[in-house]
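Here's the structure we're looking at; comments come further down.
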Amino acid sequence: MDNIFLTARSSPHIRTRISTRTIMLDVCIALLPISLVGVYQFGWYVLAILATSVATAILTEYLYTIFMKKELTITDGSAAVTGLLLGLFLPPAVPLWIPVLGSIFAILVVKCLFGGIGQNFVNPALAARAMLMVSWPALMTTFAAPRDLRNSWIPWIADKASILGQTVAGSAAADAASVATPLSGLENSLVNWPGNTMEFMAKFLGYSSGVIGEVSSLAILIGAAYLFIRKIIKPTAPLVFIASFSFFAWMWLGSETLFSGNVLAELMFGAVLFAAFFMITDYTTTPMTRTGQIIFAAGAGFLTAVIRSFGSYPEGVMYAILLMNLCVPLIDRILVPQAFGGKKAKHG
Amino acid sequence: MLKTLKAFKGGIHPPGHKETQQEKSVHMPMPEKLVIPMQQHIGAPCTPVVKKGDRVLRGQLIGEPKDRISAPIHASASGTVTAVGPMLYAGGRHVVSVAIKPDEEQETDPAIAPITTRDRAEMIQAIRASGLVGLGGAGFPTWFKLTPPSEHKFDTLIINGAECEPYITSDYREMVENTENILKGIEDVLYMTGIPRAIIGIEDNKRKAIDRLIQAAEKHPNIDVIALKTRYPQGGEKQLIYTTTGRVVEAGQLPSSIGVLVLSISTVSYVHTYLQTGMPLIERRITVAGDALNAEKNVILPVGTLVSDVLDFVGGLKAKPTRVIMGGPMNGVGQFTLDNAILKQSNAILALTDEKVDTKEESPCIRCARCVQVCPMNLLPLDINNKILQGKVLEAADKYHLMSCIECGCCSYACPAARNLVQSFRLGKAELKAVAARAAKVEQAKTEVARG
């Protein structure tokens, strides 16, 4: 055997195939159904919004690294994801300079100036949206009309579903008629489809108005399922967020008494589902430990309901998450776990 | 038979690559050159007791232990000593070694005889004299482990048959080829230490071995065989103890503090062989594997065989390897050349191309917390790494429990940003040692000044 010289490194010598780039790619794929529904519902202009947002984000980060003489970072795909998330959080008819300003703010101010990937202290897309919201509230709250559900093939299915819906609602109402308790209020709100079945199907499938990314609950759930399968996110935080929000929405967001909120309606409005799977699960701005994530998600659900009931923003989820983002360093610091074998190990 | 097993937190599932499992081990014929380093154990290196030109016999003592716990070193073959001095060692440094040119006769040292005494203390001293160290890779002098500190008492012997690293199957082959010997070795250790019962823990990707051992253990009512869920690092001492007994080793403590003695399955098998024959540890089984090789095998060979000779024996390299590793891919030591020797505690030689080896460059942490999820010691690797890179080693230790890290490598394995997490912890621990040494020197200087 010839005398060969090898290079060596400290172990381990093997690694998973997952990289930052593959994770970002998976997130983009998960956002594909949502984006496609957005284009279908609101037209090709949506594609222009999303493309502008993504392109501006990438360009901003690229120029920053050139100007600051740092290594190229756009190849990890995180700028593209931020741009896409921001674009999906905009109303479908905004002028194109809105996503441009938003992306520049998200990438330059929130991300690059604080240290780049992994160092942003709040969710960049949400922070940019908040900035846009307070600067141009009228533009950011004007929503385009979606397609009409009645002109689609959905009514045929709705026909079948409404029979089912009415039967369930009917039996629950009959049982509840005898005793009025908070629990029967819960049953009523849970089985009463918002409005009627048609309206529910419209909201579920995407025939409703709102920001581009929130209109189709189905598309969001498909994207979320993809992320679970690819092990990009775990169900803990989204489910805790949804449960927490549902509880407080049920308590406060009813029109008459306490505990009469229509949970299903509240969940399908105001980007709650979109945030649950794509914002509550953001790696950099959420806690590292499982307990921390549960606290974070529960707090965000609570704050969303608070802002909706007692504040002036009908959607609430954006500020709720931004506020919880600010708490994350504290949560992480308090929740440093004990090593296996307990108590502090001595050094030296 | 036994209570439900506890799963340890975290862990990873790297591809197993156990292709050498089903092939019988082969004996390597005596090579033309042996290099026997004086450091094949945890402890101070031995002092050579032979010189250039001496004739040595097979099994003869050639390295005497220098400190309280070390194990002696013996000649793996009869022949002539061609050189004594610093020679290239695994990991790139130089260690004093004895080079032997084996001869045709292969004469055994006549002093070697079976160990017949049944006095426990004498038997443990005999184990020391055999040069036995942990054969699972750790290299801790076994005899010293057999006597717990006076304040502790063993009640359970745990036999580590996990073999959780990818590629390595040498313990598996021992279980299949030498089943009865293992059980007899366990009985020997139970006798020597007075421990009432033993548990053999084996990962469930070794079904045949588990079945063989269960069947053979029927005659041994105080030995239980448990199948463990396959997950790295199930063979880590603390994890193995927790899964098989539910007990937790406290930070900074030894397993003896909770009444447990852990031995590798190959180590305990050798105990019986040694007591029967008296032949010191001069031969072992090693898995030779990797995609850069023409063939992969388990080889039984003399300690001190050069890596290049073993690779030639199994059929040579088919491609230039990106990395040659002594040990497994998670914990093994990267080699700089092929000219160094296989040690008593080496359980594998891997020759891997860049399809199998990680060569990614580090990128910034995205705080995905995968390292937190996989850490079997419940640590926050990203924070420890951050503190060490900031130079705040004391904070890494006090607040983030750096010293509890068992260096299993799960964190580095799982990191999508390819960060060198556990590697930085090694640096951090070394820095802590240096800090403590400096502090001790300052204290000593102060005392001397005070004395005047």
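Here are a few things to note about the model shown:
- Residue B:75 vs. criteria open to solvent by less than 10 Å² (accessible area, probe 1.4 Å) and modelled with pLDDT of 95 or more: yes
- Among the residues listed as B:389, B:394, the single one being facing another protein chain (nearest Cβ under 7 Å) and open to solvent by 70 Å² or more (accessible area, probe 1.4 Å): B:394
- The set of residues from the range B:298-321 being crowded, with 21+ Cβ neighbours inside 10 Å and away from chain A (no Cβ under 14 Å) comprises B:298, B:299, B:301, B:302, B:303, B:304.
- Screening the candidates B:6, B:18 for the property of being more than 20 Å from residue B:315 (Cα to Cα), surrounded by 14 or more Cβ atoms within 10 Å (Cβ to Cβ), out of contact with any strand residue (DSSP E or B) (no Cβ under 8 Å at 6 or more places or on another chain) and not hydrophobic (A, V, I, L, M, F, W, C) yields one hit, B:6.
- Qualifying positions in the range B:191-235 - aliphatic (A, V, I, L, M) and either within 14 Å of another protein chain (Cβ to nearest Cβ) or part of a helix (DSSP H, G or I) (or both): B:192, B:209, B:210, B:213, B:214, B:216, B:217
- Test: residue in the range B:338-347 that is within 11 Å of another protein chain (Cβ to nearest Cβ), touching a Pro at 6+ places or on another chain (Cβ under 7 Å) and touching a residue at least 12 places away in the same chain (Cβ under 8 Å): no
- Some residue of the range A:293-309 being within 14 Å of chain B (Cβ to nearest Cβ), assigned to a helix (DSSP H, G or I), under 20 Å from residue B:378 (Cβ atoms) and open to solvent by 20 Å² or more (accessible area, probe 1.4 Å): yes
- When each of B:185, B:235 is tested for being crowded, with 23+ Cβ neighbours inside 10 Å, farther than 22 Å from residue B:377 by Cα, small (Gly, Ala, Ser) and under 21 Å from the mean Cα position of the chain (by Cα), the lone residue that passes is B:185.
- Residues that are touching a helix residue (DSSP H, G or I) at 6+ places or on another chain (Cβ under 6 Å) and not in a helix (DSSP H, G or I) were ranked within the range B:416-452; the one that is nearest to residue A:26 (Cα to Cα) is B:416.
- Cβ-Cβ under 7 Å pairs, at least 6 apart or on other chains, the range B:179-205 side at positive phi, far side β-branched (Val, Ile, Thr): none
- Meets criteria (within 21 Å of residue A:104 (Cβ to Cβ) and surrounded by fewer than 20 Cβ atoms within 10 Å (Cβ to Cβ)) for residue A:57: no
- The condition of being surrounded by fewer than 22 Cβ atoms within 10 Å (Cβ to Cβ) and of a type in the set (A, V, I, L, M) holds for only one of A:219, A:249, A:225, A:275, that being A:225.
- Restricting attention to the range A:291-311 and to residues that are within 20 Å of residue A:122 (Cα to Cα) and of a type in the set (Ser, Thr, Tyr), the residue that is nearest to the chain's Cα centre (by Cα) turns out to be A:304.
- Residue A:99 closer than 17 Å to residue A:34 by Cβ and out of contact with any Lys or Arg (no Cβ under 6 Å at 6 or more places or on another chain): yes
- Close pairs (8 angstrom Cβ cut-off, 6 or more residues apart or separate chains): within 12 Å of another protein chain (Cβ to nearest Cβ) in the range A:52-80, crowded, with 21+ Cβ neighbours inside 10 Å and of a type in the set (D, E, K, R) anywhere: A:73/A:61
- Residue check, residue A:42 among the aromatic types (Phe, Trp, Tyr) and closer than 27 Å to residue A:329 by Cα: no
The values are calculated or read from the model by the stated rules, or taken from the named source; none is laboratory data. Computed from a predicted structure; not experimentally measured. We place every Cβ from the backbone using ideal geometry, glycine too, and count neighbours over all the protein chains shown. Just the protein is used for accessible areas: all its heavy atoms, side chains included, with ligands, DNA and RNA removed. Shrake-Rupley method; radii C 1.70, N 1.55, O 1.52, S 1.80 Å.
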